[in-house]
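Everything below concerns the one structure shown next.
The values are calculated or read from the model by the stated rules, or taken from the named source; none is laboratory data. Model, not experiment: these values are computed from the prediction. Here the Cβ positions follow ideal geometry from the backbone for every residue, glycine too, while neighbour counts run over all protein chains shown. These accessible areas exclude ligands, DNA and RNA; they are computed on the full protein's heavy atoms, side chains included. Shrake-Rupley method; radii C 1.70, N 1.55, O 1.52, S 1.80 Å.
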Amino acid sequence: MSDCIFCKIANKEINSDFVYEDDEIIAFKDINPQAPIHILVIPKKHIESIIDLTDEDEMLVGKMYTAVRKIAKKLNIEESGFRLIVNCGKDAGQEVPHLHFHILAGKKLGTKII
Ligand code: AMP
Ligand code: ZN
């Protein structure tokens with residue numbers, strides 16, 4: 001989608017600090033980190049949110065989790081741990097309408113998520 005900021009990042013039209021890339025997925029550092037490590041994992045294909053996934057996207061979603069595992073290894077947080085957050089829609093405060101996983105790590109995270 002031409003006016004989507006994450007599509008622009010995926011297409012390298014906007015500079016970003018990339019930490020992972022394969023054919024279908026790309027991951028980069030969040031511009032406004034909420035933890036010492038804050039990575040966004042996105043499909044290159046424009047999908048607005050979890051609600052907009054189709055049955056055909058099942059493999060893609062599996063690959064997003066595989067990407068998370070590889071990123072955790074690469075950033076050395078597979079032992080210390082991390083939190084995965086996916087906001088969906090307005091009550092969750094989803095700001096960017098392109099599906100993304102937040103990986104938060106690098107410190108002892110709080111227990112509250114609401
Ligand atoms: P959400 O509220 O789940 O939609 O999260 C959107 C996230 O995207 C926020 O954490 C923003 O800081 C982040 N963000 C927005 N624009 C950019 C950008 N150009 N590069 C990296 N992260 C961004
Ligand atoms: Zn997009």
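Somewhere in the stretch 27-40, is a residue of a type in the set (Phe, Trp, Tyr) and away from ligand 1 (no atom under 14 Å from the Cβ)? So that I can check it myself, show each step before the final result.
Start the filter on the stretch 27-40 by keeping residues that are of a type in the set (Phe, Trp, Tyr), which leaves 28.
Those still in the list that are away from ligand 1 (no atom under 14 Å from the Cβ) too: none.
No.
In the stretch 30-48, the residues that are closer than 17 Å to residue 92 by Cβ and open to solvent by 40 Å² or more (accessible area, probe 1.4 Å) form Cβ pairs under 7 Å with partners that are in a loop (DSSP other than H, G, I, E, B) and at pLDDT 95 or above, at six or more places apart or across chains, as follows: 48/97; 48/98; 48/99.
For first residues located in the stretch 1-26 and more than 14 Å from residue 47 (Cβ to Cβ) and open to solvent by less than 100 Å² (accessible area, probe 1.4 Å), partners that are assigned to a loop (DSSP other than H, G, I, E, B) and within 9 Å of ligand 1 (Cβ to nearest atom) and lie 6+ apart or on another chain with Cβ distances below 6 Å form the pairs 8/14; 9/16.
On inspection, residue 69 does not qualify as open to solvent by 40 Å² or more (accessible area, probe 1.4 Å) and touching a strand residue (DSSP E or B) at 6+ places or on another chain (Cβ under 9 Å). Among the residues of the stretch 65-105, the one identified as of a type in the set (Gly, Ala, Ser), closer than 13 Å to residue 39 by Cα, more than 12 Å from the chain's Cα centre (by Cα) and away from ligand 1 (no atom under 15 Å from the Cβ) is 72. A single entry from 47, 114, 51 fulfils the requirement of being modelled with pLDDT under 95, more than 9 Å from ligand 1 (Cβ to nearest atom), out of contact with any His (no Cβ under 6 Å at 6 or more places or on another chain) and aliphatic (A, V, I, L, M): 114.
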